[in-house]
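**Student:** Sharing a structure here in structure tokens format.
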Amino acid sequence: MPDRRNWLQISGRAVAGLTDAFAIVFRHLFRRPVTEEYPEFKRVLPSRTRARIILTRDPDGEERCVACFLCAAACPVSCISMAGAERADGRRWASWFRINFARCIYCGLCEEACPTLAIQLTPEFEFCERDLLTMVAEKADLLVDHGGKDNEYNFYRLAGVDMVGEKGAHIGEAKPVNIKSNLP
């Protein structure tokens, strides 16, 4: 007898589940469809949405990119390429910078690898093209006139570059120690 009671409970739950599912289907069957027309109605994207890549500037107006090639090394699809150069004052910069958006998977690894916050991903996602060759962006296309998410960060001011000033003259940098003064 306990087997029969167990079987009745199981079949009762199955019938209740089926009737609930059919009730939901019939409730939605007679509703009008809700269609969001895309160009007229745009959803608000989360603040951490990763889409279009930009190159930012530091507070002094200089390019943040120091051509360290970490973004190109971190990119899983190898869509970033650049060439580095050095100015007379010792500051490095990217003489040319190129991203192939047709290959980019917008993973954000280039942004995470960048030590200077030069590469940042914005929520702008509307850049579709029919011709794949027009999806290759040069440095002039990517460079913006602001600092992006962190306007006050300046890599050269915080990292301390010997060629710009004396050792120990940068923010938070200790004066050099004379090793010979420690001899007995």
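The values are calculated or read from the model by the stated rules, or taken from the named source; none is laboratory data. As the structure is a prediction and not an experimental result, all values here were calculated from the model. Cβ: placed from backbone, ideal geometry, glycine included. Neighbour counts: every protein chain shown. Side chains are part of the model used for accessible areas, which takes the heavy atoms of the whole protein and leaves out ligands, DNA and RNA. Shrake-Rupley method; radii C 1.70, N 1.55, O 1.52, S 1.80 Å.
**Student:** For the chain, what is the accessible area per residue in Å² when the probe is 1.4 Å? Can you show the working numbers first?
**Tutor:** On the way: 13530 Å² over 184 residues.
Dividing the accessible area of the chain by its residue count gives 74 Å².
**Student:** Follow-up question, since we're still on this one. How far apart, in nm, are two points set 7 Å out from the Cα along the Cα-to-Cβ line at residue 136 and at residue 95?
**Tutor:** 1.8
**Student:** For the chain, with all protein chains present and a 1.4 Å probe, just round the carbon and sulfur fraction of the accessible area to a whole percent.
**Tutor:** Here it works out to 58 percent.
**Student:** Over 10 Å intervals from 0, what percent of Cα-Cα pairs in the chain sits in each interval?
**Tutor:** 8, 23, 21, 13, 10, 10, 7, 5, 3, 0
**Student:** Suppose R0 equals 30 Å; then what is the FRET efficiency for residue 87 and residue 48 from their Cβ-Cβ distance, rounded to the nearest 0.05?
**Tutor:** Once the sixth-power term is evaluated, E becomes 0.30.
**Student:** At a 1.4 Å probe radius, which order do 98, 52, 103 fall into by accessible area, largest first?
**Tutor:** Details: 98 85, 52 50, 103 125 Å².
From most accessible down to least: 103, 98, 52.
**Student:** Here is a follow-up. Counting DSSP beta bridges in the chain, what percent are antiparallel, to the nearest 5?
**Tutor:** Among the beta bridges of the chain, antiparallel pairing accounts for roughly 95 percent.
**Student:** Which one of 144, 34, 77 has the biggest mean-square fluctuation once the chain is modelled by GNM with Cα springs under 10 Å?
**Tutor:** 34
**Student:** Computed FRET efficiency, Cβ-Cβ of residue 105 and residue 19, R0 45 Å: what is it to the nearest 0.05?
**Tutor:** Calculated value: 0.50.
**Student:** Angle check, please: helix 2-29 long axis (alpha carbons) against the longest principal axis of the chain (alpha carbons), in degrees 0 to 90, nearest 10.
**Tutor:** The two axes meet at around 70 degrees.
**Student:** Sticking with this one: Could you check which residue among 54, 24, 80 shows the biggest mean-square fluctuation in a GNM of the chain with a 10 Å Cα cutoff?
**Tutor:** Result for the chain, Cα springs under 10 Å: 24 fluctuates most.
**Student:** Provide 142, 18 ordered by accessible surface of protein heavy atoms (probe 1.4 Å), highest first.
**Tutor:** From most accessible down to least: 18, 142.
**Student:** Identify which of 45, 70, 55 has the largest mean-square fluctuation in a Gaussian network model of the chain, with springs joining Cα atoms closer than 10 Å.
**Tutor:** 45
**Student:** For region 1-87, which chymotrypsin sites (Phe, Trp or Tyr not before Pro) pass both filters: DSSP loop (anything but H, G, I, E, B) and at most 15 other C-beta atoms within 10 Å?
**Tutor:** When the chymotrypsin sites (Phe, Trp or Tyr not before Pro) of region 1-87 are filtered for loop state and at most 15 Cβ neighbours within 10 Å, 30, 41, 69 remain.
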